[in-house]
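Please read the structure below before turning to the comments.
The values are calculated or read from the model by the stated rules, or taken from the named source; none is laboratory data. Just so it is clear, the structure is predicted and the values come from calculations on it, not from any experiment. Cβ: placed from backbone, ideal geometry, glycine included. Neighbour counts: every protein chain shown. The protein model used for the area step is the full one, side chains on, heavy atoms only, and it has no ligands, DNA or RNA in it. Shrake-Rupley method; radii C 1.70, N 1.55, O 1.52, S 1.80 Å.
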Amino acid sequence: MSLSQTTITSVKETIPLVGENAEKITTRMYEILFSKYPETKPLFENAQSDQHKKLAGAIAAFAGNIDNLGALSGAVEKMATTHVATNVLPIHYPMVGDSLITAMGDVLGDDLTEDHKKAWIEAYNFLGDILMKREQELYEQK
Ligand code: HEM
């Protein structure tokens, strides 16, 4: 599977907006995640205090490199390793995806068009598939 040029263009259009609001989006995302999906809370029990910044940075880096995923391979390996250490499972991905996209809508308002949202959902699912695949391999090696 690969992302269409339309999706890539649409996600890239939002980079300045998402970049400027990355921390707000991340903070709102955790608010939604923990209230709507409280079962994810224990996974973050040992989270470091700079986790918000890490996720905000990952979102921005991902958007910036969406058409050059090779540049992200080191980051993917690090994320997958951390996720496996904290027992992140495939069932959690739709929960985080829903929370992230809702948070983007809440923070960015009308500046995030329906097309942007659709593109971000596709992009999130695309990266999620890459992460889940690598995480499954790492779980099997455990
Ligand atoms: C495409 C989706 C996702 C992205 C881009 C992402 C990104 C990241 C990044 C960049 C880190 C920090 C890694 C490090 O520096 O060691 C991280 C850690 C983490 N992520 Fe994700 N993640 C995603 C999905 C998920 C999901 C579905 C969950 C499950 C609720 C989750 C839970 C966690 C946890 C618990 C940590 C460790 C927090 C800590 O101890 O500091 N992530 N993630």
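Among the residues of segment 107-123, the ones that are aliphatic (A, V, I, L, M) and open to solvent by 40 Å² or more (accessible area, probe 1.4 Å) come to 2 in all.
Among residues that are near the ligand (Cβ under 8 Å from one of its atoms), more than 27 Å from S2 (Cβ to Cβ) and free of Cβ contacts under 8 Å to residues at least 40 places away in the same chain, A58 is not included. Got at least one residue in segment 30-39 being closer than 23 Å to T9 by Cα and open to solvent by less than 80 Å² (accessible area, probe 1.4 Å)? No, that holds for no residue.
Looking at this structure, is P16 open to solvent by 60 Å² or more (accessible area, probe 1.4 Å), part of a helix (DSSP H, G or I) and more than 30 Å from D110 (Cα to Cα)?
On the way: open to solvent by 60 Å² or more (accessible area, probe 1.4 Å): yes; part of a helix (DSSP H, G or I): yes; more than 30 Å from D110 (Cα to Cα): no.
The answer is no for P16.
So is N46 more than 8 Å from the ligand (Cβ to nearest atom), without any contact (Cβ under 8 Å) to a residue 60 or more places away in the chain and more than 15 Å from A22 (Cα to Cα) or not?
Numbers: more than 8 Å from the ligand (Cβ to nearest atom): no; without any contact (Cβ under 8 Å) to a residue 60 or more places away in the chain: yes; more than 15 Å from A22 (Cα to Cα): yes.
No.
Condition check: within 9 Å of the ligand (Cβ to nearest atom) and either without any contact (Cβ under 8 Å) to a residue 40 or more places away in the chain or surrounded by 16 or more Cβ atoms within 10 Å (Cβ to Cβ) (or both). Does V84 satisfy that? Outline the logic, then answer.
On the way: within 9 Å of the ligand (Cβ to nearest atom): no; either without any contact (Cβ under 8 Å) to a residue 40 or more places away in the chain or surrounded by 16 or more Cβ atoms within 10 Å (Cβ to Cβ) (or both): yes.
Taking the combined requirement at face value, the residue does not satisfy it.
Residues in segment 91-106 include at least one that is of a type in the set (D, E, K, R), modelled with pLDDT of 85 or more and surrounded by 15 or more Cβ atoms within 10 Å (Cβ to Cβ).
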